[in-house]
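Beneath this line is the structure, given in structure tokens, with notes to follow.
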């Protein structure tokens, strides 16, 4: 693999992560451009560094997907009072960023370029869609289950 291909893979991974991180930062969430940019870059870097056959890359990707779950779990917070859980979307963004980085590192950067706009649309408009939907739908009744 030549230097230009390495730079392209790393650049797309870092840019996809930074783009997701920008959205999280604009929503005052615990991760931002730097964190998610680094997650994407690191995931791509380790896949590139391993190189080799698809079995090696597959094992590295399995490790990334599993390991990144711990980082994502670290941003999930349950409110002290009430039953609300916060930052699940941010945790999912961390996981998606790792997957985008690993895919870019494996040379599959075209799907990353296609998926990134979908992720931005979901992050940008998903919350508004949920609020609009909840405004139009009646609240479900809570039943006490003994």
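The values are calculated or read from the model by the stated rules, or taken from the named source; none is laboratory data. Computed from a predicted model, the values in this text were never measured in an experiment. Quick reminder, even Gly has a Cβ in these numbers, built from the backbone with ideal geometry, and neighbours come from all protein chains shown.
Overview of results
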{"quantity": "Close pairs from the stretch 15-38: first within 16 Å of residue 68 (Cα to Cα), partner modelled with pLDDT under 90 and not in a helix (DSSP H, G or I), Cβ under 8 Å, at least 6 apart", "calculated": "21/31; 21/32; 30/87"}
{"quantity": "Checking residue 135 against (1) within 14 Å of the chain's Cα centre (by Cα); (2) farther than 22 Å from residue 1 by Cβ; (3) in a helix (DSSP H, G or I), the condition it does not meet", "calculated": "(1)"}
{"quantity": "Residue among 20, 26, 8, 45 that is closer than 16 Å to residue 119 by Cβ and out of contact with any helix residue (DSSP H, G or I) (no Cβ under 6 Å at 6 or more places or on another chain)", "calculated": "26"}
{"quantity": "Residue match in the stretch 29-36 (condition: surrounded by fewer than 17 Cβ atoms within 10 Å (Cβ to Cβ) and either under 16 Å from the mean Cα position of the chain (by Cα) or over 17 Å from residue 100 (Cβ atoms) (or both))", "calculated": "yes"}
{"quantity": "Tally of residues being in contact (Cβ under 8 Å) with a residue 12 or more places away in the chain and closer than 15 Å to residue 9 by Cβ across the stretch 40-65", "calculated": "14"}
{"quantity": "Among the candidates 31, 90, residue that is touching a helix residue (DSSP H, G or I) at 6+ places or on another chain (Cβ under 6 Å), part of a loop (DSSP other than H, G, I, E, B), within 18 Å of residue 124 (Cβ to Cβ) and at pLDDT below 90", "calculated": "31"}
{"quantity": "Qualifying residue in the stretch 88-103 (condition: out of contact with any strand residue (DSSP E or B) (no Cβ under 7 Å at 6 or more places or on another chain), loosely packed, with under 15 Cβ neighbours inside 10 Å, touching a residue at least 24 places away in the same chain (Cβ under 8 Å) and farther than 17 Å from residue 60 by Cβ)", "calculated": "no"}
